[in-house]
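Asks: What follows is a structure written as structure tokens; I'll ask about it next.
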Amino acid sequence: MTLELNVLKDSPRLLIEARLRPVQGTRFQPTGFPEIGAAEYDGPDGERMLLVESAQSMANRLEAVCWDETRGDWVAPLSGLPFIRVLNEAGDTLTSSVLESHRINSPYILEGKDKTVFDKLKSELADMDEGIVDIRKLAKTLLHLDTNAVLHGVFLAKKDLAGGRLRLPRALSAFIEAEQVKVAASGGVKNDAVNPSGDTAKGFGNVPFARDEYVSQKIMAYFNLDLAQLRGYGFSDNVTDMLIVLALFKIRRFLKTGLRLRTACDLDVDSIAVTRPDGFDLPELPDLEAELPGLISAARDEGVFAEPAITEVTYRK
């Protein structure tokens, strides 16, 4: 089927929310942060709130569901999208721009002796060493080399690349939060049947520990696609539609396959709603999977992708 994207033409944002619940029982484990642990805070009405998954983590998870770990490539519907594969000196796959925390700004891509990608970025963006950064040109370069980065955003923090000023804001963002939360305190003990009173600093002995999980009346995942930002890059209608459908694919696939966030945080979807714009129905995952290959092929025919689509660099210290 052809997806109905016309409703989005005049909307600056696409906002989607999904109500979640634990797959089993009522408890769940939120993300934790160094020094502060779980991120609890007071909501606008004084209710206790909890950040279940941060925007940074969700960006990674939305990419993880697009990646086939067995093949070391995109899942089948995304085949043909450009990305950068990093090889070790033996010629084996080390990592890729899809998996790296800083994407194309990964030190394995830009800091090794193989300057293939660095030199391409420098040559194409050299005229930005002074003056205002041309975001359109930066987006075009990223679309060519690492299409996913156009949605994920990027910060090329290298002085030799426009003085470290090359930034592309995240177009697709998401987070999960819980309302009216209460702590479900529990604990346990690591038993040492051989030497219960052994030196715990070395891993021996019985070690009791406390554990905090949470319960909540309402767990919500929120997704925000900046349509105005995507249109502002000046891509063709087909390429813009491809990026929109890719973003919708990420959201749908995450909600279907990516909700086991941690051992003690396995969630399921109760409901999904589009809150902006009115009149847009979120396509089903099979429809998105059917549409993407044609959009990717058409973009390739426009010549906006690298050829071959996978740019390989060898990481040498």
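Readers should treat all values here as calculations from the given coordinates under stated rules, not as data from a laboratory. Everything numeric in this text was worked out from a predicted model, so none of it was measured. Note that each Cβ is placed from the backbone with ideal geometry, even for glycine, and that neighbours are counted across all protein chains shown.
Asks: Inspect all residues belonging to the stretch 273-288 and state whether any of them is in contact (Cβ under 8 Å) with a residue 40 or more places away in the chain and in a helix (DSSP H, G or I).
Replies: Yes, the stretch 273-288 contains a residue that is in contact (Cβ under 8 Å) with a residue 40 or more places away in the chain and in a helix (DSSP H, G or I).
Asks: Let me ask something else. Residues to consider are Phe223, Phe254, Phe249, Phe204; find the one that is surrounded by fewer than 16 Cβ atoms within 10 Å (Cβ to Cβ) and either in a helix (DSSP H, G or I) or hydrophobic (A, V, I, L, M, F, W, C) (or both).
Replies: One residue alone meets the criteria, Phe204.
Asks: Which one is surrounded by the most Cβ atoms within 10 Å (Cβ to Cβ), of the residues in the stretch 40-96 that are part of a strand (DSSP E or B) and β-branched (Val, Ile, Thr)?
Replies: Within the stretch 40-96, the match that is surrounded by the most Cβ atoms within 10 Å (Cβ to Cβ) is Val52.
Asks: Which of the residues belonging to the stretch 106-134 are buried (at least 17 other Cβ atoms within 10 Å of the Cβ) and either β-branched (Val, Ile, Thr) or not in a helix (DSSP H, G or I) (or both)?
Replies: Ser106, Ile109, Gly112, Asp114, Val117
Asks: Checking Leu78 against (1) closer than 21 Å to Thr141 by Cα; (2) more than 17 Å from the chain's Cα centre (by Cα), only one condition comes out false. Which one?
Replies: (2)
Asks: Follow-up. Considering only the stretch 169-185, state which residues are assigned to a loop (DSSP other than H, G, I, E, B) and of a type in the set (D, E, K, R).
Replies: If the condition is that a residue be assigned to a loop (DSSP other than H, G, I, E, B) and of a type in the set (D, E, K, R), then Arg170 is the only one that fits.
Asks: I'd like the residue in the stretch 1-39 that is in a strand (DSSP E or B) and among the small types (Gly, Ala, Ser) and, out of all such residues, is surrounded by the most Cβ atoms within 10 Å (Cβ to Cβ).
Replies: So the residue we want is Ala18.
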